[in-house]
Amino acid sequence: MDNGGQLKVSGFGLLRLTQISPDKAKLAHPDYYVDPSNVYAAPELYKNLVFDRSVDSYSFGVILYEMIEGVVPFHPKPPEEILKLMCLEEKRPPIKTKSKSYPPELKELIEECWHTEAVVRPTFSEIIVRLNKIDANCSKQGWWKDAFKLPWYASITNF
């Protein structure tokens, strides 16, 4: 989170990259930098392919799935097996949460973010616009009101 309270998604600059073009890169040492237990990393990283910023959209899609389902994809399988399923076999788990609990546009966003084809993944500018629309629609319909019952929420709203 930055000083202004904005959440940032990033790779924290821990990877060493080989610049292929202004917006494309490749891991400099894939065997050293790829964590076999990181279920959030895009398939391009595990396959040692050229990648772009869409790898962050992929990670965000996995995070959104985890937020909706409450577990990582393919839970309770071990991370190494999850990576094999998602990155090598290109499988995605079904969203089991009842569709009445979340808007269908959110499911569509998750599916686009973690799409196997990087060109299908939305940019973060597009993600922000779509999340704002989802939030506005949910606020009108009262979707979020009962979806997330956080322990501190009642005390904040009861002032």
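The values are calculated or read from the model by the stated rules, or taken from the named source; none is laboratory data. Since the structure is predicted, the reported quantities are computational estimates derived from the model, not experimental observations. Don't worry about glycine lacking a Cβ; one is built from the backbone with ideal geometry, like all the others, and counts go over all protein chains shown.
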* Take the range 91-108 and flag every residue that is small (Gly, Ala, Ser) and in contact (Cβ under 8 Å) with a residue 12 or more places away in the chain. => SER101
* Structure fact -> Across the range 108-137, the tally of residues that are surrounded by 14 or more Cβ atoms within 10 Å (Cβ to Cβ), within 24 Å of LEU45 (Cα to Cα) and not acidic (Asp, Glu) stands at 11
* Structure fact -> Checked the range 122-159 for anything in a helix (DSSP H, G or I), among the aliphatic types (A, V, I, L, M) and at pLDDT below 85; matches are ALA147, ALA154, ILE156
* To do: Please find, within the range 79-90, the residue that is nearest to PRO103 (Cα to Cα) out of those that are in contact (Cβ under 8 Å) with a residue 12 or more places away in the chain and surrounded by fewer than 16 Cβ atoms within 10 Å (Cβ to Cβ).
  => GLU90
* Restricting attention to the range 9-60, which residues are hydroxyl-bearing (Ser, Thr, Tyr), modelled with pLDDT of 75 or more and loosely packed, with under 12 Cβ neighbours inside 10 Å? -> SER21, SER37
